[in-house]
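Okay, so here's the structure we're looking at.
What follows draws every value from the coordinates through simple rules; no lab data is involved. Quantities reported herein were computed from a predicted structural model and do not represent experimental measurements. Please note: Cβ atoms are built from the backbone with ideal geometry, for glycine as well, and neighbour counts cover all protein chains shown.
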Amino acid sequence: MEARIQLQQEVSPVPVSPIQGVVRQWEDRLRISLRENQSKFAHKGDRGDGNEVAFREFLRANLPPSYRIGHGEVVDYTGGRSSQVDVVIADEEQPFHVGHEPQLLIIEGVAAAAEVKTKLTTAELQDCISKGRKFKALNAVLGKTTLLAPPTVREQRNSDIIRYYVKRPYFIFAYSSSVRKETLLRTLAKSEAEGEVPPIDAVFILDKGAAVNLWDGNGAFGLFDGDTGESKGGWMWMDDPAFALTWLLFWLNTSMPRFAIRSSPLMAYLLPGTRWLPHPADGAGPPSQV
């Protein structure tokens, strides 16, 4: 586990672009919303609800219109169910309404999900990890699909296929944190189990920076050492809070699955026992069974 900690890296910020300027305006809006909720509400739960709403509005404004932003619970075809999820980014394959009210959603139509914290503490971090494990236990039926992800990365099996296609990305967004960077990275690394996908894929903290899990280094979001020829894995820390939201949007656009579903995901729920096989003419991906 210590080897994974040693792989963390601090990344220097890139020059400010016009897009970054727009994102920084949203940073100001989120901080204003945080202060307003703190002054309005004495109850911690009410403050948290307001902060979740503000973050969902940020995503609605900054992700492509094909995505819908909501919250609720997520299920898979086996009856598995997530905990209550603060943020669900639904794509065009989500058959159910996604709006301002909590909704039950199927995992096949979820592009990513998140937990939102006003202040991340060690206890809240453990809670997020537990919820992440429950979410990552859900399996999407890919059916007859064409994945828009290469099967290999640098001659190794593309680990994004299991981590972000069969499973879906899960991250934490926090307005602030009382957890030291070293403790955060160590706790996240220790939460991973051999042979299983990580429960948390990334953490973005508005007033500190961001931590991204490169996992085994064989995904689309990774670092390649040109001198040694090796992919770098483990947790990577970005230490500039001014770029936390920029990294969040960049990571989401890199990690959210993209593919063409050629069989309805609802079939697995409406017709138990249905089997999908790849078409011999196009090799549309591994067979999925229910």
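Structure data summary
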read-out: Mean projected area in nm² (Cα convex hull; one quarter of hull surface) for the stretch 2-263; value: 14.2
read-out: Simple Cβ-charge dipole of the stretch 2-263, Lys/Arg +1 and Asp/Glu -1, about Cα centre, in debye nearest 20; value: 360
read-out: 27, 36 arranged by Cβ crowding within 10 Å, fewest neighbours leading; value: 36, 27
read-out: Mean-position separation - Cα centroids, the stretch 123-187 and the stretch 70-100, in angstrom; value: 16
read-out: At R0 = 30 Å, FRET efficiency that the Cβ-Cβ distance of residue 228 and residue 32 yields, to 0.05; value: 0.05
read-out: Listed residue (244, 94, 166) projecting farthest to the positive dipole end of the stretch 2-263, Cβ model; value: 94
read-out: Whole-Hz couplings from phi, Karplus 6.51/-1.76/1.60, listed for the stretch 73-85; x for Gly and Pro; value: 10, 10, 10, 10, 5, 7, x, x, 9, 7, 6, 4, 10
read-out: Residue exposure sequence - 89, 69, 32 - by fewest surrounding Cβ within 10 Å; value: 32, 69, 89
read-out: Rg followed by Dmax, in Å, when the stretch 158-225 is reduced to its Cα trace; value: 12.6, 35
read-out: Additional length obtainable on full extension of the chain from residue 176 to residue 152, 0.36 nm per residue less Cα span; value: 4.9 nm
